[in-house]
1. I'd like the full set of residues that are surrounded by fewer than 14 Cβ atoms within 10 Å (Cβ to Cβ) and part of a strand (DSSP E or B), limited to segment 44-71.
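The values are calculated or read from the model by the stated rules, or taken from the named source; none is laboratory data. Just so you know, these numbers come straight off a predicted model, no measurement behind them. Here Cβ is always computed from backbone atoms with ideal geometry, including for glycine, and neighbour counts include all displayed protein chains.
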């Protein structure tokens, strides 16, 4: 059975995404992009990396929009 990859340390923008989610809880991806002044494509790439590395989880909201939250097993300080 393959071993899971070790989590990479989030860069500055990714750390800001994690901080924002820690403060506000679950958010729509577009809300994160607006709050941080990020282009949508940049946010998508970063959320994909954070989700792949196990920092966040996402799901589709009521109208198909992406909702993102921190994983429950992450410590509060990230």
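1. 59, 60
Yes/no matrix, rows are residues, columns are (1) touching a strand residue (DSSP E or B) at 6+ places or on another chain (Cβ under 7 Å); (2) closer than 16 Å to residue 66 by Cα; (3) at pLDDT below 95; (4) surrounded by 15 or more Cβ atoms within 10 Å (Cβ to Cβ):
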position	(1), (2), (3), (4)
1	no, no, yes, no
4	no, no, yes, no
8	no, no, yes, no
12	no, no, yes, no
17	no, yes, no, yes
32	yes, yes, no, yes
